[in-house]
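The values are calculated or read from the model by the stated rules, or taken from the named source; none is laboratory data. If you're wondering where the values come from, they're calculated on a predicted model, not measured in any experiment. Quick reminder, even Gly has a Cβ in these numbers, built from the backbone with ideal geometry, and neighbours come from all protein chains shown. Quick note on the areas: whole protein, heavy atoms, side chains included, nothing else; ligands and nucleic acids left out. Shrake-Rupley method; radii C 1.70, N 1.55, O 1.52, S 1.80 Å.
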Amino acid sequence: MGEPRHSSTTLALMQELALTEEEIARRKAFLEFHDEDVQRLQELGGLAQQYADEVIEDFYRHLLAFDESRRFFTDPAVLARVKAAQRDYFLRLTRGVYDGAYVEDRLRIGVAHERINLPVALYVGAYGFYLRAVLRRVQEAYQHRPAEVLPLFVSLLKVVFLDMGLAIETYLAQRERTIRLQQEAIRELSTPVLPLRERLLLLPLIGAIDAQRAQQLTAQLLHSIRAYRAKVVVMDITGVPAVDSAVANHFIQTVQAARLMGATVIVSGLSPEVAHTLVRIGVDLGMVHTVGTLQDGIEAAERLLGYTVQKLEPPMLVPHPEEGQ
Amino acid sequence: MDGETRVPICRDSDIILARQQGRALAAQLGFSSIDQTLIATAISEVARNILLYARQGEIILRPVSQSEKKGITVIARDEGPGIPDLTLALQNGYSTSNSLGLGLPGAKRLMDEFAIVSEVGKGTTVTMTKWTQ
């Protein structure tokens, strides 16, 4: 299942999961993974060499017997390569060295699994199969010393649980990274600056405003003010669920920056709840031109620009073709 | 509705999560829409302080009751640098981070009860409660 690749991703992951030497030691302590376990695993090492090929054959026979796991091994060349890597992976369990390099190796495998979208249940299930295959062989080899089987197997379990913890955290970390990237993408999509009339821009804000987004939208607005030679901007915050002092501060700074560029900003869409809250916190929006609704905002902007909107009597309704005649 | 909710705060999006959870709990407890916004904003202020000064901590949301009254208690706890001068920190417009300086005093005004305990080098705990009218 494993393929070594991309050590830079793995290193970043080591940092993200804060897998320092101390943290690795803490994890081992929690697993009660001690020196005697290392010795037992080393003792198992010789036997592991002997059964490695057989276990790998059993392991892939099992994986290829199920549709959900077979689909990862459709290419025979890939299968051969993965088999060899998997053999190394298993052998490393009993090599007796469980340091930072070991952990890094385990994370690399986790990253590879995440990339091919290997379900966690398959990973855990396959590991279970491996453990049963090994247990059978250890029991055979120690049939004259049966009392030693359990301690050996328990030591193996400890290191396997160390592995599984790392692998599952790798999955989670990768998913979180994906979510972060998507959030950034949404952020970019969500702040359009719309030219509404000559010299009039509309900036409709939807969703939560955080520091990063506030900075981005200020920058975007300032560019647009220059590009459209805008004089008035209506910033509509109807779709912003919460305005705390930090968000209010962002708004004030945006308004000030726009003013330096020669544009007046009208903030529209303050809900009664938000207005009430801002007054209670003590935010002074005195220097910001605020109006209730988007419509009020656009009307105020038009007045500032000298537009008058006139209603025609009778109204010139354009009939729909099918309703016409 | 009985149990308390804990929201770890270690990045910007956690503030939004804490705020949403707080608003949802306030709605369950029967707070008005305006009060829900006041509570959510107070949570936002203290959560942002955690992020700004301690980098990480947690927000605990707890339903409380006193005879007939129902309320919500919000605890913001961190193990950050602590606040050397609480009087100053509770003053309007005082800020060490170029903000409006309304975070703590603002949160205090939004809630009915407000207590802050801080020890330099140990951390800060803000406990605040709002009661349904």
In whole percent, what relative contact order does chain B give with Cα contacts below 8 Å and a gap of six or more residues?
26
Working with all protein chains in place, sort A:VAL120, A:VAL233, A:VAL318 by solvent-accessible area computed with a 1.4 Å probe, largest first.
A:VAL318, A:VAL120, A:VAL233
Treating only the Cβ of Lys, Arg, Asp and Glu as charged (+1, +1, -1, -1), what charge dipole size does chain B show about its Cα centre? Round to the nearest 20 debye.
180
How long are the three semi-axes of the equivalent ellipsoid for segment B:5-131, computed from the Cα gyration tensor as the root of 5 times each eigenvalue, in whole Å, largest first?
23, 15, 14
Computed over segment A:194-305, Cα set: Rg, Dmax in Å:
12.9, 38
Counting other chain Cβ atoms within 10 Å of each Cβ in B:100-109 and taking the mean gives 5
Evaluate the distance, in nm, between pseudo-label points positioned 7 Å from the Cα of A:GLN310 and of A:GLU140 along their respective Cα→Cβ axes.
9.9
Given a 1.4 angstrom probe, I'd like the percentage of the accessible area of the protein assembly as shown that is carbon and sulfur, rounded to a whole number.
54
Taking the square root of 5 times each eigenvalue of the Cα gyration tensor, what semi-axes in Å does the equivalent ellipsoid of segment A:141-185 have, largest first?
42, 6, 4
Nearest 500 deg cm²/dmol is fine: what mean residue ellipticity at 222 nm does the protein assembly as shown get from its DSSP H runs of n ≥ 4 alone, each adding -39,500 (n - 2.57), divided by its residue count?
-18500 deg cm²/dmol
Ranked from the most accessible area to the least, with a 1.4 Å probe and all protein chains present, what is the order of A:GLU68, A:GLU140?
A:GLU140, A:GLU68
Under 29 Å between C-alpha atoms, the lysine pairs in chain A lying 8 or more places apart or on different chains count 4
Point-to-point label distance, A:ARG70-B:THR5, nm (Cα→Cβ direction, 7 Å offset)
4.7
Assuming R0 = 22 Å, what is the FRET efficiency of A:ARG81 and A:THR178, from their Cβ-Cβ distance, to the nearest 0.05?
0.25
Report the accessible area of A:HIS34, computed with a 1.4 Å probe over the heavy atoms of all protein chains in place, in Å² rounded to the nearest 10.
90
Inter-chain shielding of A:271-280 (mean C-beta neighbours from other protein chains, 10 Å cut-off):
5
Dipole magnitude of the protein assembly as shown about its Cα centre, charges +1 at Lys/Arg Cβ and -1 at Asp/Glu Cβ only, in debye to the nearest 20?
580
Semi-axes in Å, largest first, for segment A:1-83 (Cα gyration tensor, √(5λ)) are 30, 22, 12
Two-decimal ratio, segment B:1-54, of alpha-carbon radius of gyration to 2.2 N^0.38 Å:
1.12
Would you work out the relative contact order for segment A:7-183, in percent, from Cα pairs under 8 angstrom that are 6 or more residues apart?
40
With viscosity set to 1.002 mPa s at 20 °C, what whole-number translational diffusion coefficient in µm²/s follows for segment A:7-183 from Stokes-Einstein and a Kirkwood radius over Cα pairs?
124
Determine how large the accessible area of A:LYS231 is when every protein chain is in place; take a 1.4 Å probe and give Å² rounded to the nearest 10.
90
Phi angles of segment A:57-63, converted by Karplus (6.51 cos²θ - 1.76 cosθ + 1.60, θ = phi - 60°) into ³J(HN,Hα) in whole Hz with x for Gly and Pro, give 5, 4, 4, 6, 4, 5, 5
Taking only protein heavy atoms and a 1.4 Å probe, what accessible area per residue, in Å², does the protein assembly as shown have with all protein chains in place?
53
Starting at the first residue of segment A:123-139, write each ³J(HN,Hα) from the Karplus equation 6.51 cos²θ - 1.76 cosθ + 1.60 with θ = phi - 60°, in whole Hz, x for Gly and Pro.
4, 5, x, 5, 5, x, 4, 4, 4, 5, 5, 6, 4, 4, 6, 5, 4
iface B-A | buried accessible area, total | probe 1.4 Å | Å², round 100 | 1900
